[in-house]
Amino acid sequence: MTLGYALRRIAEEYPLARLDPPAGHPLAAVIRNGAPDELRRALAGIDGPFLVKGSPGRGTRWAAVPWLAAFDPAVTTSATQGYYLVYLVPADREAVHLSLAQGTVAAIRAHGPGAGAALRASGDVLRHRLADFADRLPERAIRLGCAGALPEGYEAAHILGLSYGLADLGDERRLIADLATGVAAYRALKARGGLQIADRPGL
């Protein structure tokens, strides 16, 4: 298996897999174990250390949007808070987004119905802070194709990244190069103040 193969399998098989319970499902195992193993292997040649997790959902319910994420433990160990690098699979089409993202659940807890607006506002500031990555990670917005607090929160939490069609996932060299760029942006954001928003022009 490769990282691209794992991501493509998730994108292709997830809609049908959701018709069955996730317990014991082979695709759930790919998301929890196989895909994270491939991401760890890819990251080993780039930078580290990272905590890597994949989620097909919890308990007896599939996630609306499955994800595969890399966390810098000095920043966060969870997708609920801080910021992290994540692959998100949209519900309505066969594609994958690579996103440098803000923690969604923490924003929902802090801002309630205003979480989306707060995340988008901070995302605008953070994109400006990472302006030197704009050409290499040009996606300023992503669409996940389903309603709900978490999917809509993931959309709002996106800072910058890339989108792939299924054919793109066959180019492993490109995926690894793009991942390295994502890691560099992650490191740059950490060095430039993380999610701290200063009340000064230019930040």
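What to note about this one:
- Condition check for L189: within 25 Å of Y14 (Cα to Cα), in contact with a Phe, Trp or Tyr (Cβ under 8 Å, 6 or more places away or on another chain) and surrounded by 13 or more Cβ atoms within 10 Å (Cβ to Cβ): no
- For the range 63-74, the tally of residues that are more than 20 Å from L175 (Cα to Cα) and either acidic (D, E) or within 17 Å of the chain's Cα centre (by Cα) (or both) stands at 4.
- Answer from A198, A106, A121 - the residue that is at pLDDT 95 or above and over 25 Å from A17 (Cα atoms): A121
- Filtering A115, A147 for residues that are free of Cβ contacts under 8 Å to residues at least 12 places away in the same chain and more than 28 Å from A180 (Cβ to Cβ) leaves a single hit, A147.
- E172 being touching a Gly at 6+ places or on another chain (Cβ under 8 Å), touching a residue at least 24 places away in the same chain (Cβ under 8 Å) and either closer than 23 Å to R120 by Cβ or buried (at least 20 other Cβ atoms within 10 Å of the Cβ) (or both): no
- Residues (under 10 Å from Y14 (Cα atoms) and aliphatic (A, V, I, L, M)) located in the range 85-102: V89, A91
- For the range 88-103, the criterion of being hydroxyl-bearing (S, T, Y), surrounded by 16 or more Cβ atoms within 10 Å (Cβ to Cβ), out of contact with any His (no Cβ under 6 Å at 6 or more places or on another chain) and within 24 Å of A141 (Cβ to Cβ) is met by none of the residues.
- If you go through the range 70-112 and keep only what is over 11 Å from Y154 (Cβ atoms), in contact (Cβ under 8 Å) with a residue 40 or more places away in the chain and not hydrophobic (A, V, I, L, M, F, W, C), you end up with D72, G82, Y83, Y84, Y87, D92, R93, E94.
- Close pairs (6 angstrom Cβ cut-off, 6 or more residues apart or separate chains): of a type in the set (V, I, T) and buried (at least 18 other Cβ atoms within 10 Å of the Cβ) in the range 40-66, in a strand (DSSP E or B) and at pLDDT 95 or above anywhere: V52/A70; V65/L88
The values are calculated or read from the model by the stated rules, or taken from the named source; none is laboratory data. Since we're looking at a predicted model, the values are computed, not measured. Cβ coordinates were reconstructed from backbone atoms using ideal geometry, including for glycine residues, and neighbour counts include every protein chain displayed.
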